[in-house]
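The values are calculated or read from the model by the stated rules, or taken from the named source; none is laboratory data. Everything numeric here is computed off the predicted structure, so don't read it as measured data. Here the Cβ positions follow ideal geometry from the backbone for every residue, glycine too, while neighbour counts run over all protein chains shown.
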Amino acid sequence: MSKKEKKAFQLVKGMKDILPEDQRYWEHVRRIGRELGSQYNYGRIDTPILEFTKLFDRSVGAYTDIVEKEMYSFRDRGDEDITLRPENTAGVARAYIEKGMVNLPQPVKLYYFGPFFRYDKPQSGRQRQFWQIGFEAIGSDAAVLDAQVINIGMKFFRRLGLAVVVQINSLGCVDCRPNYQEVLSDYLKGKKNQLCEDCKRRVTKNPLRAIDCKEEECQKLMADAPQQVDYLCEACRDHFIATLEYLDELEVVYNLNPKIVRGLDYYTRTAFEYTISDQESGRQSALGGGGRYDGLVEELGGRPTAAVGMAIGIERTIKELRAQDIKVPEKQEYDIFLAQLGKEARKKCLSLQDKLLEAEVNVAENFSRDGLKTQLELANKLNVKYTLILGQKEIVDGTILIRDMEGGIQEVVDFNKAIPEVKKRLKLRDGEGS
Ligand code: AMP
């Protein structure tokens with residue numbers, strides 16, 4: 001096979017398989033997300049992975065990194081411009097408008113869990129397909145919701161055992177932000193020669209994006225730049241203070257951080273990120289983030305509707321769990337193993353397995369192996385409590401052996417009574433253990 005051909009049968013760059021051995025992390029994280037969704041009354045929403053490209057141009061913003069460089073966009077067979085969703089706030093806002101959720105009691109609270117796509121440079125903690133869990137509260141400008149959404153994320157990390165801090169900022173609103181943008185733009189214009197190429201363009205188009213530029217020179221310049229919080233209008237200042245007071249009430253640990261501008265155009269007022277100090281590099285790594293988007297629903301054709309939300313990256317969260325060696329519940333274990341010796345026994349065991357499963361006994365097997373030793377080794381590895389053994393002699397006698405894997409004691413029971421006998425023993429064990 002040629003090198004080129006071989007490549008066609010490998011993972012696409014930036015993609016990852018989630019293998020059976022990874023699933024217990026995924027299930028654990030999903031379970032905590034589901035639990036929080038139901039406790040705080042956020043209904044699950046699943047929107048399509050594909051949306052019209054225009055949705056993201058309009059919401060995320062034409063001059064953002066995501067739209068300029070990172071979208072998986074293509075023209076479909078019907079000549080429509082389509083994009084694999086790079087984030088989900090836009091899709092959820094679209095569904096809110098399209099499905100008339102404005103007629104429901106407000107705010108409408110929704111959460112999601114799913115894959116997202118950004119054509120980014122793959123590196124540690126950055127993939128081209130990655131998963132997020134997100135929470136959105138649409139239809140209210142109350143600061144208490146900003147605090148609730150932030151708190152849900154904090155709870156999520158705390159339940160996982162991760163010590164996360166919130167970095168928080170306010171980006172102002174349509175009234176006060178332009179004023180700040182002008183001040184910032186003037187400041188940057190004076191230093192244009194020292195800025196990176198991207199920031200040179202940003203000076204007039206989107207100066208806010210220069211604030212969190214990763215280039216060292218730009219970062220140095222930004223340290224002395226004017227800060228948004230000093231240019232908030234009264235309503236935005238009150239909203240920000242109220243949010244912080246609610247967070248104090250909830251005992252959420254936060255840092256006021258003027259660098260949190262988020263990379264998307266739709267954010268207004270509160271913007272935040274959940275950060276953790278990375279075990280490898282010692283640097284702060286963002287596990288999630290969010291903010292208010294009071295103008296988005298209207299921008300997409302709905303009525304003026306205030307909203308707030310956040311999203312958490314699943315891969316980065318799981319990476320932290322692994323790096324810190326945090327235990328997650330083991331996958332559902334098997335109770336018994338079904339071992340068979342010979343062709344006849346295999347046949348009988350095949351239907352016995354079905355019957356055991358129907359009787360809700362978790363049964364493992366490896367029907368493709370013959371030797372008893374190999375099968376018992378496997379049973380040991382799976383940590384089962386009992387192994388049922390069916391050989392030639394047992395078939396002739398109409399019996400089956402039940403082997404207690406702890407003591408190695410084997411009992412002969414009537415083949416037709418195998419299931420109730422197994423259930424009886426498992427029940428007794430459970431009773432002892434509780
Ligand atoms: P964002 O809204 O872009 O800040 O994304 C929220 C979270 O999603 C981030 O804090 C990351 O944990 C995760 N995330 C974003 N982009 C990627 C990516 N390319 N690969 C892996 N995780 C990502």
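Below are the figures for this structure:
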| item | result |
| --- | --- |
| From 144, 164, 149, 203, residue being more than 17 Å from the chain's Cα centre (by Cα) and either at pLDDT 95 or above or within 26 Å of residue 109 (Cα to Cα) (or both) | 144 |
| Residue within region 264-279 that is within 18 Å of the chain's Cα centre (by Cα), within 16 Å of the ligand (Cβ to nearest atom) and among the hydrophobic types (A, V, I, L, M, F, W, C) present | yes |
| Only one of 404, 370 that is farther than 14 Å from residue 334 by Cβ and at pLDDT below 95 | 370 |
| Failed item in (1) at pLDDT 95 or above; (2) in a helix (DSSP H, G or I), with residue 116 passing the rest | (2) |
| Search result, residues across region 360-370 that are of a type in the set (Gly, Ala, Ser) and either closer than 15 Å to residue 403 by Cβ or in contact (Cβ under 8 Å) with a residue 24 or more places away in the chain (or both) | 364 |
| Qualifying positions in region 190-216 - of a type in the set (Lys, Arg) and assigned to a helix (DSSP H, G or I) | 192, 200, 201, 202, 205, 209 |
| Any hit, region 217-233, residues being within 24 Å of residue 286 (Cβ to Cβ), in a strand (DSSP E or B) and touching a residue at least 12 places away in the same chain (Cβ under 8 Å) | no |
| When residues of region 285-305 are limited to those that are assigned to a loop (DSSP other than H, G, I, E, B) and buried (at least 19 other Cβ atoms within 10 Å of the Cβ), the one farthest from the ligand (Cβ to nearest atom) | 305 |
| Subset of region 261-285 that is of a type in the set (A, V, I, L, M, F, W, C) and modelled with pLDDT under 95 - its residue that is farthest from residue 235 (Cα to Cα) | 264 |
| Members of region 234-284 found to be assigned to a helix (DSSP H, G or I), within 24 Å of residue 209 (Cβ to Cβ) and of a type outside the set (D, E, K, R), listed by number | 236, 239, 240, 243 |
| Unmet requirement for residue 26, which otherwise passes all of (1) among the aromatic types (Phe, Trp, Tyr); (2) more than 21 Å from the chain's Cα centre (by Cα); (3) closer than 22 Å to residue 130 by Cα | (2) |
| Residue in region 306-321 that is over 28 Å from residue 167 (Cα atoms) and either of a type in the set (A, V, I, L, M) or within 16 Å of the ligand (Cβ to nearest atom) (or both) present | no |
| Scope region 376-418; condition charged (D, E, K, R), in contact with a Lys or Arg (Cβ under 9 Å, 6 or more places away or on another chain) and part of a strand (DSSP E or B); matching residues | 404, 411 |
| Residue 194 being more than 31 Å from the chain's Cα centre (by Cα) and polar (S, T, N, Q) | yes |
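This table checks each residue for (1) touching a strand residue (DSSP E or B) at 6+ places or on another chain (Cβ under 7 Å); (2) assigned to a helix (DSSP H, G or I).
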position	(1), (2)
4	no, yes
12	no, no
34	no, yes
46	yes, no
56	yes, yes
66	no, yes
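Here's the yes/no breakdown for (1) acidic (Asp, Glu); (2) surrounded by fewer than 17 Cβ atoms within 10 Å (Cβ to Cβ); (3) in the same structural domain as residue 108 (by TED's automatic domain parsing); (4) without any contact (Cβ under 8 Å) to a residue 12 or more places away in the chain:
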| position | (1), (2), (3), (4) |
| --- | --- |
| 312 | no, no, yes, no |
| 316 | no, no, yes, no |
| 329 | no, yes, no, no |
| 347 | no, yes, no, yes |
| 358 | yes, yes, no, yes |
| 386 | no, no, no, no |
| 392 | no, yes, no, no |
